[in-house]
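The values are calculated or read from the model by the stated rules, or taken from the named source; none is laboratory data. All figures in this text were calculated on a predicted structure; none of them were measured in a lab. Because the Cβ atoms are built from the backbone with ideal geometry, glycine has one as well, and the counts that use them run over all protein chains shown.
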Amino acid sequence: MSNLLCCSIWNKRFNAILKWNAFKFSVFLLISVVVTVVILSRNHARNIEADFSSSYLFSSSSPANESPLCSGNLLDKRQIRYAKEGGGSCQLLHYNFERAVGCFDALYERHYSDWNSPHILNHINGPNRKLHFAFIGDSRIRQQFFNFLKLIPDYDWESQPNPLPSGHHGDMEVTSDIIRLRLSFQWRPILNDTVIETIRQWATASATYRPNFIVIGITVWHMLHSEGADFKLYKEKLKELAPFLGQLANVSRVIWLNQYPVIEKYGYSGAMNTDIFSEKIHRYNKAVTSALQQNYSGMRMIWDSSNILVEEYIRGCFLYVRRQRESHSFSDPDHSYINCLDFTHPGYSALSQAAQLLFNDICNEFY
C-alpha cells in the first residue's frame, strides 16, 4: 500500500514538473518570437536609413566642419539623382522638437513680422497670426499629417476632434499659441469640384486667410475604382485644378505628393494586387506631372524623392514575409511601425524618414 502511495505521489510530482517545463518552454518560445520580430523591424529601419544615407549623410549634431547641409528642392528626385551623379555630398539634419520649433519661429518671422512697421501689433494679434500648414487629400496625406505632427512638441495643443483619431475620415486641426502654429487636415479622397473650389478660394484670398504651406495628394481612391471612366474624369479634374494650384503656388508653398510604390502581392498568400500596381501608379503620376508642369514647369510642386524610402520598405516587407514562410511562423510585428499586410500605406519606418526629408526641404536654410 505504501509503495502504491509513493508511486502515486511520484507520478503527480513528475506530471507537475512536466507541466512546469512545458509552461517555461512556451514562455521562452513567445519571448523568442517577440524578440525576433523586434530585431527584424529595427534592422529594416536601419536598412532604409542606410540606403537613403548612401547619397546623403544624416546628422544629429552641428554641421560645423562637416559636409554642407543639403539645400534646394529636396523633394524632387531628379535633382537628387543629379547631385548624386555629380559626386558631391551633403548632409540631412535630423529634426527634433528643438530644431522644428526653431524652424517655425524663423518661418513665422519671414511671413508675418515686419519690425519696421508701426502696425506690428496688427501682425501679432491678427486673425492669421499662426503659421498654417494645410494637408489636403486622402489617407496617404493623413499619414503625412500625423508624421509631421510627431515632430512638434505638445506645449499647448488644442485639437479638433480631441483626441485625434488615427483613421478618421474627416477634417482635423491642431493649433498651438506658444509655437504660433496651425496644422489642418482636410479629408478629400476624391478630386472633385469641392477640392477645386477650396484651392481657388485660397489662391484668390488675402494672405490673412490662405495657408502658408499646402501638402496635397489625391490619387488612391480614384485608382481603386474601375480604370476607364474614372481615370478620364480624374484627368479632366486635374486640368481644372492645375491653373488654381499654379496661382496659389505664386503666393504659398504648394507640394503635391506623388503616389508611392505599393506592395504588389497580398501578404502571405502571394496573390497579385490587381487594384494598385506599378503600371497604374505610373499612369496616374504621369497625368499629375503633365497637368501641373505643362504650364508651370518652373514651380516646385511634385514630391517624389521619398519614393526610395518606400521602395526600401517594400523590399524589407518582401524579405520579412519570405523569412516568415521559411520559419513557418506567421506572427506580425507592431503595425504602428511596419505593416506588410497593408498594400496601400507604407509603415512608420518609411514615413518617419519622409517627414524628416520634408523638414529638411523646408527648414535647412535656417541652419
- Task: Please list, ordered by first then second residue, the pairs with beta carbon atoms under 6 Å, 6 or more apart or interchain, first in the range 276-301 and modelled with pLDDT under 90, second among the polar types (S, T, N, Q).
- Result: Arg300/Asn73
- Test: residue in the range 151-158 that is in contact (Cβ under 8 Å) with a residue 60 or more places away in the chain and within 22 Å of Ala350 (Cα to Cα): yes
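What helices (runs of 4 or more DSSP H) lie completely within the range 42-161 and have 2 or more residues being more than 17 Å from the chain's Cα centre (by Cα), modelled with pLDDT under 85 and surrounded by 15 or more Cβ atoms within 10 Å (Cβ to Cβ)?
Because the criterion is at least 2 residues that are more than 17 Å from the chain's Cα centre (by Cα), modelled with pLDDT under 85 and surrounded by 15 or more Cβ atoms within 10 Å (Cβ to Cβ), the helices (runs of 4 or more DSSP H) in the range 42-161 that meet it are 77-85.
Condition test on Ser184, is it modelled with pLDDT of 95 or more, surrounded by fewer than 16 Cβ atoms within 10 Å (Cβ to Cβ) and of a type in the set (Gly, Ala, Ser)? Even if it seems obvious, please write down each step before you answer.
Numbers: modelled with pLDDT of 95 or more: yes; surrounded by fewer than 16 Cβ atoms within 10 Å (Cβ to Cβ): no; of a type in the set (Gly, Ala, Ser): yes.
So Ser184 does not fit the description; no.
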- the range 189-223, residues that are among the hydrophobic types (A, V, I, L, M, F, W, C) and surrounded by fewer than 13 Cβ atoms within 10 Å (Cβ to Cβ): Ala207
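Any chance you could count how many residues in the range 200-216 are farther than 20 Å from Ile362 by Cβ and in contact (Cβ under 8 Å) with a residue 12 or more places away in the chain?
Going through the range 200-216, the residues farther than 20 Å from Ile362 by Cβ turn out to be 200-201, 203-206, 208-209.
Right, trim to in contact (Cβ under 8 Å) with a residue 12 or more places away in the chain and you get 200, 203-204, 208-209.
Within the range 200-216, residues that are farther than 20 Å from Ile362 by Cβ and in contact (Cβ under 8 Å) with a residue 12 or more places away in the chain number 5.
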